[in-house]
Amino acid sequence: MIVYGSTMSPFVRKVMAFAAEKGIVPELKNGGMGRGGPEFEEASPFRKMPGFRDPGADKGRDFCISDSTAIITYIEAKFPEPNLIPTDPIARARTVWYEEFADTMVCALGGKLFFNRFVAPKVLKIAGDESIAAAAEATELPPLLDYLEGVVPGSGFLVEDRITLADLAVCSPFVNLDHLSVVIDPVRWPGTAAYVAAILARPSFAPIIAKERAIVAAMA
Ligand SMILES: N[C@@H](CCC(=O)N[C@@H](CS)C(=O)NCC(=O)O)C(=O)O
């Protein structure tokens, strides 16, 4: 299986960590931001990362799809164990909610910071708009952390007291904030700070994050 994109994207990172939790290591190939060419575009028609390809899986032809949620849905169905999207109706709905919360709210906020403070200046070599990043950090981040502080349970897992997609999705975008040295204040949000740190220390995330940190350091 091939995932196209960079794990610097929280969506790509989520897919790679999800696969790793199942003991799968998809090949990671370039895709997006002008890279990847026709092979990537076949998997992701609108050139967003991640794209995905499972060679020969569709009656002998390659199965291609994009969007992190679609990719994860496919991997979960193809490799059901260990289960990462609960089957209990309430637990499943909660898992989908947390993934949606992460994808739309946390990633949107993280994107404003990461694009303007990293992607624009370091990758695209254009000026980022610091006023957008600063406003997002000051006004959009605290309510998200307040919300998480209220829902993170003592077990350290959002759903069913075990690792699920909910934890992988919610914690993935915080890596981008960490790359920018935007930390979760452990005094104001102690439960959330400890929760995110513990999930990101898992073997499914830690090696990915270590590689990213080396890239960020090299680009500093
Ligand atoms: N809903 C999509 C979002 C994918 C997405 O927005 N990816 C960004 C990177 S974080 C991207 O490819 N941006 C480049 C572009 O829009 O051209 C998913 O879950 O995969």
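Overall, segment 34-165 carries a charge dipole of about 480 debye about its Cα centre when +1 sits on the Cβ of Lys and Arg and -1 on the Cβ of Asp and Glu, all other atoms neutral. By the combined test of axial Cα extent (at least 18 Å) and Kyte-Doolittle hydropathy (mean at least 1.0), the qualifying DSSP H helices of the chain come to 206-219. Using the Cα gyration tensor of segment 53-108, with a ≥ b ≥ c the square roots of its eigenvalues, what is the shape: rounded (a/c below 1.5), prolate (a/b larger than b/c) or oblate (neither)? The shape class here is oblate.
Among CYS107, CYS64, CYS171, the largest mean-square fluctuation in a Gaussian network model of the chain (Cα springs under 10 Å) belongs to CYS64. Net charge dipole, the chain: roughly 600 debye, given to the nearest 20, about the Cα centre with Cβ charges of +1 for Lys and Arg and -1 for Asp and Glu. For segment 89-219, the residue among VAL170, VAL106, LEU180 whose Cα projects farthest onto the positive side of the dipole built from Cβ charges is LEU180.
Is the chain best put as rounded, prolate or oblate by its Cα gyration tensor, with a ≥ b ≥ c the root eigenvalues, rounded for a/c under 1.5, and otherwise prolate when a/b is larger than b/c, oblate when not?
Judged from the Cα gyration tensor, the chain comes out oblate (a/c at least 1.5, b/c at or above a/b).
With a cut-off of 14 Å between beta carbons, the residues surrounding LEU28 carry a summed charge of +3, where Lys and Arg count +1 and Asp and Glu -1. Considering only PRO10, PRO143, PRO89, and ranking their Cα positions along the charge dipole of the chain that arises from unit charges at the beta-carbon of Lys, Arg, Asp and Glu, the one farthest toward the positive end is PRO10. By the gyration tensor of its Cα atoms, with a ≥ b ≥ c the square roots of the eigenvalues, what is the shape of segment 89-219: rounded for a/c under 1.5, prolate for a/b over b/c, or oblate? It comes out prolate by the Cα gyration axes.
Roughly what % of DSSP beta bridges within the chain run antiparallel, to the nearest 5?
Bridges in the chain that DSSP calls antiparallel: roughly 75 percent.
Just to confirm my numbers, what's the Cα centroid distance between segment 35-52 and segment 143-170 in Å? That distance is 31 Å.
Bridging of LYS112 to lysines at a Cα separation below 22 Å is possible for LYS14, LYS48, LYS122, LYS125, once same-chain residues fewer than 8 apart are set aside.
Positive contributions from Lys and Arg (+1) and negative ones from Asp and Glu (-1), summed over other residues with Cβ under 13 Å from the Cβ of ARG92, come out at -4.
Only the coordinates and a few stated rules stand behind these numbers; no lab work does. All figures in this text were calculated on a predicted structure; none of them were measured in a lab. Note: ideal-geometry Cβ built from the backbone for every residue, glycine included; neighbour counts use all protein chains shown.
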